[in-house]
1. Looking only at the stretch 104-138, count how many residues are over 27 Å from residue 73 (Cα atoms), surrounded by 14 or more Cβ atoms within 10 Å (Cβ to Cβ) and over 17 Å from the mean Cα position of the chain (by Cα).
2. For the subset of the stretch 175-193 comprising residues that are touching a helix residue (DSSP H, G or I) at 6+ places or on another chain (Cβ under 6 Å) and surrounded by fewer than 20 Cβ atoms within 10 Å (Cβ to Cβ), which member is farthest from residue 135 (Cα to Cα)?
3. Name, by its number, the condition in (1) in a helix (DSSP H, G or I); (2) surrounded by fewer than 23 Cβ atoms within 10 Å (Cβ to Cβ); (3) touching a strand residue (DSSP E or B) at 6+ places or on another chain (Cβ under 9 Å) that does not hold for residue 202.
4. Please specify each residue of the stretch 109-135 satisfying the condition of being over 30 Å from residue 58 (Cβ atoms), in contact with a strand residue (DSSP E or B) (Cβ under 8 Å, 6 or more places away or on another chain) and not in a helix (DSSP H, G or I).
5. Just give me the residues in the stretch 222-248 being within 19 Å of residue 162 (Cα to Cα) and either in contact (Cβ under 8 Å) with a residue 24 or more places away in the chain or in a loop (DSSP other than H, G, I, E, B) (or both), in sequence order.
6. From the residues in the stretch 156-172 that are in contact with a strand residue (DSSP E or B) (Cβ under 8 Å, 6 or more places away or on another chain) and not in a helix (DSSP H, G or I), which one is nearest to residue 142 (Cα to Cα)?
7. Take the residues of the stretch 62-86 that are surrounded by fewer than 16 Cβ atoms within 10 Å (Cβ to Cβ) and without any contact (Cβ under 8 Å) to a residue 40 or more places away in the chain: which is farthest from residue 148 (Cα to Cα)?
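The values are calculated or read from the model by the stated rules, or taken from the named source; none is laboratory data. Just so it is clear, the model here is predicted, and its values are computed rather than measured. Heads up, the Cβs are rebuilt from the backbone with ideal geometry, glycines too, and the neighbour counts pull from every protein chain shown.
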């Protein structure tokens, strides 16, 4: 008997016509409608941004959301996105406020982890300044019974999966793992063989399936990642080879589906989600 793959509609796949360029990352689609469509389509899990979570907390609260998720048959929840966790001053204070929101949400929703990353900036040569702050973040999350996954991003300070893996290894916390987004694997020039050679087995706790053209589209990589991702199989990423590498490292799902594109946002919400599901499920078995 064939088992359907466990697919997670990550926050950007399931938020509607909202982009990372917007001041607030809040879905314009009512929560009840979103959950009904996710349930009808058989999604295993869903993600929420920090701004979406703040809006949900103000209108019903996390206990109500957990009840709605249970009714929809959705057990896997992801919350994101924390940056500036290494900062002091105003940026650090804002990060701590977001951190508290995400940890509160993770606790009440039974989230699998909190996603974190680094600022949109040029890659840094020395990871040392981030090691102790990531370890401290892991300790604060552990005190709340939560896990953290770091997402390397080619448009950010920690630009590749091997470098992200190095940072996670150096932070050395049992509750801090790694997230692998296939778009960033392609754009950083990381090969499947390099993934297997540089990432310790068991360190990858989250994966985001997506696709992209071989060459970037638009004036910069940020535009490419926000507007021009492809549905799985519609681009040039060797998804089976990356999936095989990730399986060799011990990852077996659930599989996030991360579709950020003008094409996806232009479709009716249910149609976009259905296409994201149908194209990803071929690779997540």
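1. 11
2. 192
3. Failing condition for residue 202: (1).
4. 121, 123
5. Taking the stretch 222-248 as the starting set, the residues that turn out to be within 19 Å of residue 162 (Cα to Cα) are 237-239, 241-248.
237, 238, 239, 241, 242, 243, 244, 245, 246, 248, listed by residue number.
6. The first filter runs over the stretch 156-172 and keeps only residues in contact with a strand residue (DSSP E or B) (Cβ under 8 Å, 6 or more places away or on another chain), leaving 156, 158, 161, 164-165, 167-168.
Now restrict to residues that are not in a helix (DSSP H, G or I): 156, 158.
Details: 156: 26, 158: 23 Å.
Checking each candidate, the answer is 158.
7. Within the stretch 62-86, the match that is farthest from residue 148 (Cα to Cα) is 71.
The rows are residues; the columns are (1) within 18 Å of residue 151 (Cβ to Cβ); (2) modelled with pLDDT of 95 or more; (3) crowded, with 20+ Cβ neighbours inside 10 Å.
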site: 195; (1), (2), (3): yes, yes, yes
site: 206; (1), (2), (3): yes, yes, yes
site: 211; (1), (2), (3): yes, yes, yes
site: 217; (1), (2), (3): no, no, no
site: 246; (1), (2), (3): yes, yes, yes
site: 252; (1), (2), (3): no, no, no
site: 260; (1), (2), (3): yes, yes, yes
site: 263; (1), (2), (3): no, yes, no
